[in-house]
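Encoded as structure tokens, the structure appears first; notes follow it.
The values are calculated or read from the model by the stated rules, or taken from the named source; none is laboratory data. All values derive from a computational prediction rather than experimental measurement. Every residue, glycine among them, receives a Cβ derived from its backbone with ideal geometry; neighbour counts consider all protein chains shown. Surface areas here come from the heavy atoms of the whole protein model, side chains and all, with no ligands, DNA or RNA. Shrake-Rupley method; radii C 1.70, N 1.55, O 1.52, S 1.80 Å.
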Amino acid sequence: MADLALSDYRRLVVKVGSSLLVDNAGRLNRDWLETLAEDIANFQADGHQALIVSSGAIAIGSSVLGINKKRARLEDLQAAAAAGQVQLVHAYQEALAGYGITAAQILLTPDDTENRRRFLNARGTLGRLLDQSVIPIVNENDTVATEEIRYGDNDRLAARVAQLLMADALVLLSDVDGFYTDDPGTNAAAEHIPEVTTITPQMLAMAGETRSDIGSGGMATKVQAARIATHAGCSTIIASGAIEHPLRALSTGGRCTLFRAEGTPAAARKQWLAGVLELRGEIRIDDGAARALRNGNSLLPVGVVEVIGNFRRGDAVAVVGPDGLEVGRGLTEYSDADALRLRGCQSEQIEERLGYRGRSVMIHRDELVLFDNDS
Ligand code: GLU
């Protein structure tokens with residue numbers, strides 16, 4: 001049994017598979033949702049943050065619109081997603097409200113997590129919601145996504161969200177209680193593996209193409225999700241949600257597979273940033289700003305003295321101190337033209353200088369790696 005205490009984690013992403021929420025007739029399992037909401041409320045009350053990535057829109061909407069999922073065309077499924085999503089989020093909203101928690105809906109496309117400009121927006125909004133103790137309910141924006149621009153399964157979406165938010169745990173709840181050496185549905189000799197430290201190509205092959213009828217993810221997408229998340233410093237847990245209080249069950253020894261993260265989310269993010277080769281420009285800062293960065297703060301426009309190069313929001317730039325040495329590098333919240341306009345300005349003057357309401361920082365501390373005293 002893996003030694004698992006959810007209370008060890010600060011920021012948790014919980015992925016809920018369709019088969020847990022919706023039965024074959026497309027009815028929502030509200031009783032189960034209540035128990036999940038209670039678990040989330042307890043986790044939050046202990047000072048942690050949680051976010052839910054939930055499937056189920058297409059399954060609910062197909063039943064509402066009388067669409068046969070097996071024969072449906074893409075536009076049928078997209079229409080189903082549109083009709084189902086409002087009911088799905090409403091169910092979460094009601095269940096969480098029972099514990100005094102506000103829910104918020106976030107619909108994402110791969111561009112929002114893979115494209116650095118958009119990534120900064122999604123990260124900013126989700127971070128703000130979590131700071132307000134709101135529970136974001138995330139799903140893929142199925143109504144506009146087409147085959148070529150879809151995550152396709154919410155396992156991968158959940159892993160990308162975990163990476164984006166520097167979450168330290170991702171729980172994939174579905175109808176399977178962990179990773180097995182083979183499909184336990186067809187091979188009685190398949191063995192359950194409680195803990196994985198390295199995901200090997202053999203494991204990806206072993207995960208095969210097992211699929212459930214209701215959702216679109218199988219074991220393969222879960223292992224791929226675990227690979228993305230663990231590389232980002234986020235431990236991943238595959239567990240059964242086909243029981244009441246699925247999160248509480250994990251902390252009391254419930255069966256699952258734990259994929260241990262490699263390092264911490266902060267270390268993974270900084271390592272990635274340090275390795276970004278393509279620097280698009282340079283932001284020169286004053287002494288006060290250099291000190292503030294070393295104290296763990298973000299770079300504010302007030303500390304910027306010079307802007308060099310052509311860059312866009314989300315590009316990697318070098319941050320150079322008054323002595324001409326590179327202090328570090330990071331992802332800029334502003335283009336070179338806007339950074340120049342904001343040079344030396346107080347955060348309250350940003351809107352006046354730009355003519356629109358911008359971000360309060362030039363480079364957020366999470367998107368900044370410092371040289372010398374940074375690990
Ligand atoms: N986004 C889809 C839905 O809400 C589910 C995708 C999946 O099953 O992974 O219906």
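Residues in the range 296-308 that are small (Gly, Ala, Ser), buried (at least 17 other Cβ atoms within 10 Å of the Cβ) and farther than 13 Å from Val320 by Cα: how many?
Step one: list which residues in the range 296-308 are small (Gly, Ala, Ser), which gives 296, 298, 303.
Among the residues that remain, those that are also buried (at least 17 other Cβ atoms within 10 Å of the Cβ) are: 298, 303.
Filter once more, keeping what is farther than 13 Å from Val320 by Cα: 298.
The number of residues fulfilling the criteria is 1.
Give Val64, Val16, Val86 a once-over and let me know the one that is among the β-branched types (Val, Ile, Thr) and surrounded by 18 or more Cβ atoms within 10 Å (Cβ to Cβ).
Details: Val64 fails: surrounded by 18 or more Cβ atoms within 10 Å (Cβ to Cβ); Val86 fails: surrounded by 18 or more Cβ atoms within 10 Å (Cβ to Cβ).
Residue meeting the stated conditions: Val16.
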**OP:** Would you mention how many residues in the range 1-35 are within 15 Å of Ala95 (Cβ to Cβ), more than 16 Å from the ligand (Cβ to nearest atom) and within 21 Å of the chain's Cα centre (by Cα)?
**Re:** 0
**OP:** Return the pairs, sorted by first residue and then second, in which the second residue is open to solvent by 50 Å² or more (accessible area, probe 1.4 Å) and modelled with pLDDT of 90 or more, the first residue lies in the range 74-88 and is closer than 17 Å to Gly152 by Cβ and more than 11 Å from the ligand (Cβ to nearest atom), the beta carbons are less than 9 Å apart, and the residues are 6+ apart or on different chains.
**Re:** Asp76/Leu65
Original post:
open to solvent by 10 Å² or more (accessible area, probe 1.4 Å), within 15 Å of the ligand (Cβ to nearest atom) and modelled with pLDDT under 95, is that true of Arg118?
Top reply: no
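Among the residues of the range 46-63, write down those that are more than 19 Å from Ala82 (Cα to Cα) and at pLDDT below 95. Don't jump to the end; show me each part of the working.
Taking the range 46-63 and keeping what is more than 19 Å from Ala82 (Cα to Cα), we get 46-51.
Within the range 46-63, Asp46, Gly47 meet the criteria.
Take the residues in the range 142-192 that are in a strand (DSSP E or B) and more than 13 Å from the ligand (Cβ to nearest atom), then tell me which one is nearest to Met219 (Cα to Cα).
Initially, the range 142-192 is screened for residues in a strand (DSSP E or B), giving 169-174, 179-180, 192.
Within this subset, residues satisfying the condition of being more than 13 Å from the ligand (Cβ to nearest atom) are 169-171, 179-180, 192.
Numbers: Ala169: 18, Leu170: 15, Val171: 14, Phe179: 7, Tyr180: 9, His192: 13 Å.
Selected residue: Phe179.
Could you please find all residues in the range 22-43 being among the aliphatic types (A, V, I, L, M) and crowded, with 19+ Cβ neighbours inside 10 Å? Spell out how you get there, then give the answer.
Pass one, the range 22-43, residues among the aliphatic types (A, V, I, L, M): 22, 25, 28, 33, 36-37, 40-41.
If the condition is that a residue be among the aliphatic types (A, V, I, L, M) and crowded, with 19+ Cβ neighbours inside 10 Å, then Val22, Leu28, Leu33, Leu36, Ala37, Ile40 are the ones that fit.
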Original post:
Taking Phe259, is it modelled with pLDDT under 95, of a type in the set (Phe, Trp, Tyr) and in contact with a strand residue (DSSP E or B) (Cβ under 9 Å, 6 or more places away or on another chain)?
Top reply: no
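Residues that are under 27 Å from Leu368 (Cα atoms) and open to solvent by 20 Å² or more (accessible area, probe 1.4 Å): list the helices (runs of 4 or more DSSP H) wholly contained in the range 193-295 that include at least 3 such residues. Quick ask: steps written out before the conclusion?
On the way: elements: 201-207, 219-231, 246-251, 265-274, 287-294.
Where helices (runs of 4 or more DSSP H) fall fully within the range 193-295 and carry at least 3 residues being under 27 Å from Leu368 (Cα atoms) and open to solvent by 20 Å² or more (accessible area, probe 1.4 Å), they are 219-231, 265-274, 287-294.
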Original post:
Taking Ser360, is it open to solvent by 10 Å² or more (accessible area, probe 1.4 Å), of a type in the set (S, T, N, Q) and in contact (Cβ under 8 Å) with a residue 60 or more places away in the chain?
Top reply: yes
Original post:
How many residues does the range 44-60 hold that are open to solvent by 20 Å² or more (accessible area, probe 1.4 Å) and away from the ligand (no atom under 12 Å from the Cβ)?
Top reply: 6
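Does Glu278 fit the bill of being in contact with a Gly (Cβ under 8 Å, 6 or more places away or on another chain) and of a type outside the set (Lys, Arg)? Explain how you work it out, then say what you get.
Working: in contact with a Gly (Cβ under 8 Å, 6 or more places away or on another chain): no; of a type outside the set (Lys, Arg): yes.
Judged against the criteria, Glu278 is not a match.
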